[in-house]
């Protein structure tokens, strides 16, 4: 009689990363999740899982064509061992495929020589984004009734004083400001120059 030895590997779920689209819809396109250069396994529920991680703390890196890259420090020892889930909110970058009728401010930030500036901070009220490597940015608005002001039958994103929004741009090469009105369901395009 020949006996076979049964070998069993036990895998422990160390971390499940759940990406969330900040614009509010389903994640668009491919999203890659890594922990210290180790690629996640994506399950059908949209979780990116890691088994048997040998760390107490780690850096979760999330990259995608349609979202800005994100890095999050995670203390694995502080997570619930039965449900070690970390959610990572992803902010759409200028390549994101917004639906028709989205309310947007798109633009490009350039230095005083007219060259695009990457990683500049662009802010409108409490909304903030940064520019891409090409100097491009997009600010998106998910409007509620209290975020809208009506003027002459048209709906606009509510600013500090009526329909005018104040835009601020910050970078080590300089800063600038602009005033703009954004009608609901429309896209405003801007060229902003640092001084």
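One table, with the values for the structure above:
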quantity	calculated
Hits in segment 52-66 (condition: assigned to a loop (DSSP other than H, G, I, E, B) and buried (at least 17 other Cβ atoms within 10 Å of the Cβ))	53, 66
Residues that are free of Cβ contacts under 8 Å to residues at least 12 places away in the same chain and under 15 Å from residue 11 (Cβ atoms), drawn from segment 44-66	54
Leading residue by the ranking (farthest from residue 160 (Cα to Cα)) among those in segment 126-142 that are assigned to a loop (DSSP other than H, G, I, E, B) and in contact with a strand residue (DSSP E or B) (Cβ under 7 Å, 6 or more places away or on another chain)	134
Residue list for segment 67-82, restricted to those being more than 19 Å from residue 23 (Cα to Cα), in contact (Cβ under 8 Å) with a residue 40 or more places away in the chain and either assigned to a loop (DSSP other than H, G, I, E, B) or not assigned by TED's automatic domain parsing to the domain that holds residue 17 (or both)	79
Where residue 116 falls short, out of the listed (1) under 30 Å from residue 15 (Cβ atoms); (2) surrounded by 15 or more Cβ atoms within 10 Å (Cβ to Cβ); (3) at pLDDT 95 or above	(1)
Unique match (being within 23 Å of residue 49 (Cα to Cα) and surrounded by fewer than 16 Cβ atoms within 10 Å (Cβ to Cβ)) among 95, 78	78
Filter result for the condition that a residue is within 18 Å of the chain's Cα centre (by Cα), assigned by TED's automatic domain parsing to the domain that holds residue 181 and part of a loop (DSSP other than H, G, I, E, B), over 118, 112	118
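The values are calculated or read from the model by the stated rules, or taken from the named source; none is laboratory data. Everything numeric here is computed off the predicted structure, so don't read it as measured data. A quick note on method: Cβ atoms are made from the backbone with ideal geometry, for glycine too, and the neighbour counts reach across all protein chains shown.
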